[in-house]
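J.: Next up is a structure, given as structure tokens.
The values are calculated or read from the model by the stated rules, or taken from the named source; none is laboratory data. These numbers come from a predicted model, not from an experiment. Counting neighbours? That spans all protein chains shown, and the Cβs are built from the backbone with ideal geometry, glycine included. Heavy atoms of the whole protein, side chains included, go into the accessibility calculation; ligands, DNA and RNA do not. Shrake-Rupley method; radii C 1.70, N 1.55, O 1.52, S 1.80 Å.
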Amino acid sequence: MNDVKRIARLQQMRTPFYLYDMELLARTLDEVSALSARYGIEVHYAVKANPEERILRSIAARGFGADCVSGNEVKCALGNGFPAGRIVFAGVGKTDEEIETAVRSGIFSINCESLPEMKVIDEIASGLGLRARVSARVNPDIDAHTHKYITTGLDENKFGISRYDFDALIKLIRESKSLDFNGLHIHVGSQITDVEQVFSLECERVNEIVSYFENQGIEIENIDLGGGLGIDYLEPDKHPVADFGTWFKTISSHLHVRPGVKVHVEPGRSLVAQCGTLCTRVLYVKPGREKTFLIVDAGMNDLIRPALYGAYHRIDNLSAALRDGSDGNMKKYDVVGPVCESSDTWGEGRELPESFRGDLMAIRSAGAYGQAMASRYNLRDFAKAYYTDNI
Ligand code: LLP
């Protein structure tokens with residue numbers, strides 16, 4: 001992002017907009033492809049992180065599968081090059097219509113989150129005269145050491161089937177009319193940075209669960225360990241590609257994989273976060289009594305993570321790079337958006353080069369759960385997306 005010509009070009013564009021670095025995306029996918037082949041782990045991209053067509057098509061072209069959480073995501077994945085045989089579908093509240101879409105499409109696995117849902121899938125598949133491949137999403141009761149809104153594997157969370165229900169689940173699988181049992185699914189949370197600690201525990205828990213099922217005569221052919229690999233929001237330039245190596249290595253050294261069993265993962269954030277930047281312009285420099293505000297034209301409707309989770313996104317002043325020697329003159333600012341909520345704040349007390357009306361700012365690491373969670377709150381327009389390979 002320090003290429004002078006590129007910044008000058010971006011400065012002429014209407015803000016706010018998302019900019020995707022397609023070269024970084026390709027580099028990330030290269031690394032994941034190589035590791036996936038080396039460790040024999042199948043990758044299903046979590047579409048919810050960013051369902052933009054260009055992103056989906058780039059990922060599908062690598063032969064990765066898709067992890068979906070709604071009927072529309074399943075349709076979107078199918079429409080953008082993901083084969084049905086590589087699509088998995090999770091979610092605690094699948095509607096009958098969504099289940100029917102999944103069964104008719106013949107996707108790889110419906111990751112079922114409760115016993116009542118399992119019964120409904122069986123009934124719907126029977127009614128259609130089709131068979132449904134289902135996996136059981138199990139709740140391992142593991143702390144992912146992440147923000148409480150994005151931790152999913154604790155007993156108190158709504159996700160997955162509790163170990164107290166395993167016997168009833170096994171009975172249901174045996175008695176079902178139209179279900180083909182595919183295996184186990186587990187996902188403990190997102191933005192996990194204690195990678196070795198959390199994922200080794202997850203694998204050990206899965207080993208116990210697999211043994212429990214096998215002792216009851218139920219074979220586990222697929223183990224899907226979900227997503228969750230964290231990224232470096234503080235220093236995106238230092239770590240543009242997440243630490244997939246440690247993730248895959250931890251899995252392969254802690255998970256007992258019997259011959260013939262396939263292992264799957266569902267990364268979302270780690271594939272796309274660092275390649276996305278939300279570009280915004282300084283509208284006003286507003287000196288307050290206590291602090292100076294930089295009011296920019298991107299708001300919480302464009303990227304809700306700071307307002308919703310108190311998430312940190314690095315902010316760079318791109319225009320300052322074009323001004324000679326401006327880096328020497330650092331100032332402290334509260335960078336805020338235009339939306340009528342105090343939580344519409346990008347960062348407090350941020351050290352930035354002295355900034356002026358019209359400066360182009362980059363809100364970094366915005367490729368995951370940015371555009372995907374955007375809204376039109378305050379009737380603001382959606383920010384457009386541009387791609388570095390065609391601007
Ligand atoms: N698989 C399942 C079943 C999931 O629920 C999720 C994310 C993923 C995979 C992908 O996880 P990732 O690799 O992206 O961590 N909006 C929040 C994140 C919510 C994550 C929800 N589930 C955020 O902006 O931090």
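J.: How large, in percent, is the carbon and sulfur part of the accessible surface of the chain at a probe radius of 1.4 Å?
T.: So the carbon and sulfur contribution to the accessible surface is 48 percent.
J.: Looking only at A307, A374, A37, which one moves most when the chain is put into a Gaussian network model with springs between Cα atoms under 10 Å?
T.: It is A37.
J.: Please give the per residue accessible area of the stretch 90-265, computed with a probe of 1.4 Å over protein heavy atoms only, in Å².
T.: 45 Å²
J.: If you place +1 on the Cβ of every Lys and Arg and -1 on the Cβ of every Asp and Glu, how big does the dipole about the Cα centre of the stretch 90-265 come out, in debye to the nearest 20?
T.: 460 debye
J.: Something else now. Based on alpha-carbon centroids, what's the gap between the stretch 189-224 and the stretch 154-175 in Å, whole number please?
T.: 15 Å
J.: How much FRET efficiency would the formula 1/(1 + (r/R0)^6) give for V285 and M22, where r is the Cβ-Cβ distance and R0 is 25 Å, rounded to 0.05?
T.: About 0.15, to the nearest 0.05.
J.: Let me ask you something else. Whole-Hz ³J(HN,Hα) for each residue in the stretch 309-319, computed from phi via Karplus 6.51 cos²θ - 1.76 cosθ + 1.60 with θ = phi - 60°, x for glycine and proline: what do you get?
T.: Computed from phi, the couplings for the stretch 309-319 are 10, x, 6, 8, 10, 5, 10, 10, 8, 6, 5 Hz.
J.: Okay, next question. How many percent of the alpha carbon pairs in the chain exceed a separation of 40 Å?
T.: The share of Cα pairs beyond 40 Å in the chain comes to 21 percent.
J.: Taking the Cα atoms only, what angle lies between the long axis of helix 96-105 and the longest principal axis of the chain, rounded to 10 degrees?
T.: 80 degrees
J.: Convex hull over the Cα atoms of the stretch 90-265, averaged projected area in nm²?
T.: Across all orientations, the stretch 90-265 yields a mean hull projection of 10.7 nm².
J.: Follow-up. Run down the lysines and flag those whose C-alpha is under 16 Å from the C-alpha of K331, throwing out any fewer than 8 positions away in its chain.
T.: Cross-link targets: K286, K291.
J.: Give the lysines whose C-alpha is closer than 25 Å to that of K5, dropping any in the same chain fewer than 8 places away, or say none.
T.: K5 reaches K238, K384.
J.: Would you compute, from DSSP H runs of 4+ residues alone, the mean residue ellipticity of the chain at 222 nm, taking -39500 (n - 2.57) per run and dividing by the full residue count, rounded to the nearest 500?
T.: It comes out at -9000 deg cm²/dmol, rounded to the nearest 500.
J.: How far is the Cα center of the stretch 277-303 from the Cα center of the stretch 103-147, in Å?
T.: Value for the Cα centre distance between the two parts: 44 Å.
J.: Choose one of I231, G129, A368: the residue whose Cα lies farthest towards the positive end of the charge dipole of the chain (beta-carbon charges +1 Lys, Arg; -1 Asp, Glu; about the Cα centre).
T.: Value computed over the given set: A368.
J.: With a 10 Å radius around each residue's Cβ, average the other Cβ atoms per peptide and rank 154-164, 194-204, 281-291, highest first.
T.: Ranked by mean Cβ neighbours within 10 Å, highest first: 194-204, 154-164, 281-291.
J.: Follow-up question, since we're still on this one. I want to verify a result. In a Gaussian network model of the chain, Cα cutoff 10 Å, which of these has the top mean-square fluctuation: L225, L19, L169?
T.: Top of the fluctuation ranking is L169.
J.: With the convex hull built on the Cα atoms of the stretch 179-270, state its orientation-averaged projected area in nm².
T.: So the mean shadow area of the Cα hull is 6.4 nm².
J.: Assign unit charges at the C-beta atoms only (+1 for Lys and Arg, -1 for Asp and Glu), then state the dipole size of the chain relative to its Cα centre in Debye, rounded to the nearest 20.
T.: Here the chain has a charge dipole of around 1080 debye.
J.: Which angle from 0 to 90°, rounded to the nearest 10, does the C-alpha axis of helix 195-215 make with the longest principal axis of the chain?
T.: 20 degrees
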